[in-house]
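Report on the following structure.
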Amino acid sequence: MAYDVYLFGQILGTHSFLLKDGFLKPDEYSEIKEHYFLPGGETGTAATVLDSLGVSVKMDGTWIGTEVAPMLKSFYENKNVDLSSMNFVTDDDGVMDYVVIAGLVRSPMGRFQTLFSTGKRWWSIPKEEDILSSRVAAIDPFFGEETRRAAEICIKGGIPYVTIDSKHDSFLHKNAAINVVSKECTETYEGMSAEEIMKLMQEESSGLTIITQGGGDMLYARKGEEIHHMKPHPVEVRSTLGAGDTFKAGCVYALLHGMSDEETVRFASACSGVAISRFPLPLNPPKLSEVNELMGRR
């Protein structure tokens, strides 16, 4: 069965806690205003957003355990998101994270360092038939050989893909149609400005590189081009959880619909802008009409 987009990467259950009166302080009580257990992860969130934008999705990646599985299956039951290639295990609760949120500030917690240090694989091997049945793909950079396999299948089959936070010298960046690089990633280039990092990125890939900087200007360029700047859409922020994942989803949508580079950045920024104006994002993902309305304000 054909579908629009194939997603490979991090899919998990996210416990999100929105606090009532500011962020946590040592030795002080904090009141929880809202608490949810919903799909998360870079790929899980992107699937939710793309479905809301009218795109059909097949996703794979993280193995899903017994605590996460019922929630995940129920959430996507009436959505155009195919879970049939995912591995549902019976001997583990599944991968979860816990995020405390207060306005512009959030703090995620989990056991990812422990999971990655075990040396065991807790994610799927991407299937060639899944990728080749799509028109566009998105690949998270977290899963080693399996990440590279997904990219190689895309290259072999002529399927353009979007990735995130892939360093300038990585296989994933060099072959991506779009690489979205967050502020967290640029901070690993110690002592370098965003413009200097962009120049490194441009030298290694003919694809589009976008550097996001939270509320600061976004930078975007291709090899041999001048570096372009664009301001994010101004919105009232309720929660920044999922902002980057939604930006990625916006880039996937733009790639699928053949948007220009400027249109891609503007559209992805508007998707992210709508996302951060509400909470929780999985229950209120951006609709295409809302994204277009936000772009129209500009």
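No lab work stands behind these numbers, since they all come straight from the coordinates. Computed from a predicted model, the values in this text were never measured in an experiment. Cβ atoms come from the backbone with ideal geometry, glycine included; neighbour counts cover every protein chain shown.
Any residue that is among the β-branched types (Val, Ile, Thr) and under 16 Å from Val49 (Cα atoms) - is there at least one of those in region 242-252?
Yes: one or more hits.
Within region 233-240, is there a residue that is within 29 Å of Arg297 (Cα to Cα), assigned to a loop (DSSP other than H, G, I, E, B) and touching a helix residue (DSSP H, G or I) at 6+ places or on another chain (Cβ under 7 Å)?
Yes.
Across region 89-143, what is the total count of residues that are under 19 Å from the mean Cα position of the chain (by Cα), among the small types (Gly, Ala, Ser) and assigned to a loop (DSSP other than H, G, I, E, B)?
3
Return the total of residues in region 46-72 being surrounded by fewer than 21 Cβ atoms within 10 Å (Cβ to Cβ), among the charged types (D, E, K, R) and closer than 18 Å to Arg135 by Cα.
1
Among (1) at positive phi; (2) surrounded by 16 or more Cβ atoms within 10 Å (Cβ to Cβ), which single condition is Val95 missing?
(1)
Could you tell me how many of the residues in region 54-82 are more than 17 Å from the chain's Cα centre (by Cα) and part of a strand (DSSP E or B)?
2
Residue-by-condition table, conditions (1) surrounded by 23 or more Cβ atoms within 10 Å (Cβ to Cβ); (2) part of a helix (DSSP H, G or I); (3) over 17 Å from the mean Cα position of the chain (by Cα):
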| position | (1), (2), (3) |
| --- | --- |
| Glu184 | no, yes, no |
| Met192 | no, no, yes |
| Gln202 | no, yes, yes |
| Thr209 | yes, no, no |
| Val252 | yes, yes, no |
| Ala270 | yes, yes, no |
| Gly273 | yes, yes, no |
| Pro286 | yes, no, no |
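What single numbered condition from (1) closer than 30 Å to Gly215 by Cβ; (2) in contact (Cβ under 8 Å) with a residue 40 or more places away in the chain; (3) outside any strand (DSSP E or B) fails to hold for Ser85?
For Ser85, the exception is condition (1).
I need a count of the residues in region 5-37 that are surrounded by fewer than 19 Cβ atoms within 10 Å (Cβ to Cβ) and either in a loop (DSSP other than H, G, I, E, B) or touching a helix residue (DSSP H, G or I) at 6+ places or on another chain (Cβ under 7 Å) (or both).
Residues flagged as surrounded by fewer than 19 Cβ atoms within 10 Å (Cβ to Cβ) and either in a loop (DSSP other than H, G, I, E, B) or touching a helix residue (DSSP H, G or I) at 6+ places or on another chain (Cβ under 7 Å) (or both) within region 5-37 amount to 13.
Suppose we filter Met201, Met192 for residues that are of a type in the set (A, V, I, L, M, F, W, C) and without any contact (Cβ under 8 Å) to a residue 12 or more places away in the chain; which single one remains?
Just a single option satisfies the conditions, and that option is Met192.
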